[in-house]
1. Okay, helix-only estimate at 222 nm for the chain: each DSSP H run of n ≥ 4 adds -39500 (n - 2.57), divide by all residues, round to 500 deg cm²/dmol; what do you get?
2. Measure up K86/K144; K44/K148; K43/K143; K43/K148; K99/K171; K44/K171 against 32 Å on the Cα-Cα distance and list the ones that go over.
3. Tell me, in nm to one decimal, what length is gained between N135 and Y41 on full extension, where the rule is 0.36 nm per residue of separation less the Cα-Cα distance?
4. By average Cβ neighbour count within 10 Å, what is the ranking of 37-47, 159-169 from highest down?
5. Show me the ranking of peptides 7-15, 107-115 by mean Cβ neighbours inside 10 Å, starting with the highest.
6. Tell me which residues come under 5 Å, amide H to amide H, from W156 once H is placed; ignore anything under 5 positions away on its chain.
7. Let me spell out the model: positive unit charges on the Cβ of Lys and Arg, negative unit charges on the Cβ of Asp and Glu, origin at the Cα centre of the chain. What dipole size does that give, in debye rounded to 20?
8. If contacts are Cα pairs under 8 angstrom and at least 6 residues apart, what is the relative contact order of the chain in percent?
Amino acid sequence: MLNLEGNRIYLRALEMGDLDFLYALENNTDLWEISGTTTPYSKKVLQLYLESAHRDIYDVKQLRLCICTKEKEVVGLIDLFDFDPKNKKAGIGIVVLQKEHRNEGIGAEAIAILCDYAFTVLDLHQLYANVLEDNMASIHLFKKLDFKQIGVKKDWIYSSGNYKNEILFQKISTCI
């Protein structure tokens, strides 16, 4: 039986009560570089998104889950995106919003839980992650979780007048 719960955190579906958290996260300009966002989101647009967030991953090709502490505080989001069931692969993305919750093992635990879900329930063969080359914390995190660096996309992201390289990480399931 699959459990979306770890020692310190658990993953759950988005709920309408997450609107304020989602609004703060999506409108945090410090995160726009990694999310590809270029304009703010209104609460109305995010409310409409939450109303359809229950749709099946096979339909919308993505899954977004809240990362929650055992005290039920939402501290971040973790996503599967570009879900491709034919080729059994998906991208993975994660953000822990508050700096005080970073470097506590929350991200590692959330990724480990989502990898288990992706490989066992969704029967995926591989996951990949895109990480900016200057994001040392994320590079360390994915390497620690046995994602392998398989390439570098040169001048991939344009931000603040400069181009940045993006590292491509991949994890292949050991399940057969």
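1. Values: 6 runs with 50 residues, N = 176.
-8000 deg cm²/dmol, from helical runs alone.
2. Working: K86/K144 28 Å; K44/K148 39 Å; K43/K143 36 Å; K43/K148 38 Å; K99/K171 27 Å; K44/K171 37 Å.
The answer is K44/K148; K43/K143; K43/K148; K44/K171.
3. Details: separation 94, 0.36 × 94 = 33.84 nm, distance 2.48 nm.
Gain in length upon complete extension: 31.4 nm.
4. Working: 37-47: 11.7, 159-169: 13.5.
Descending packing order for the listed peptides: 159-169, 37-47.
5. Working: 7-15: 16.0, 107-115: 20.9.
With the highest mean Cβ count within 10 Å placed first, the list reads 107-115, 7-15.
6. Correct list: K164, N165, E166.
7. Working: 21 positive and 25 negative charges, 79 e Å.
Charge dipole, the chain, about its Cα centre: 380 debye, nearest 20.
8. Details: 271 pairs, mean separation 31.5, N = 176.
With pairs under 8 Å counted, the relative contact order is 18 percent.
Any read-out appearing in this document is the output of simple, stated calculations on the displayed coordinates, not a laboratory observation. For clarity, every value in this text was computed on a predicted model and none was experimentally measured. Here the Cβ is made from the backbone with ideal geometry for all residues, glycine too, and neighbour counts use every protein chain on show.
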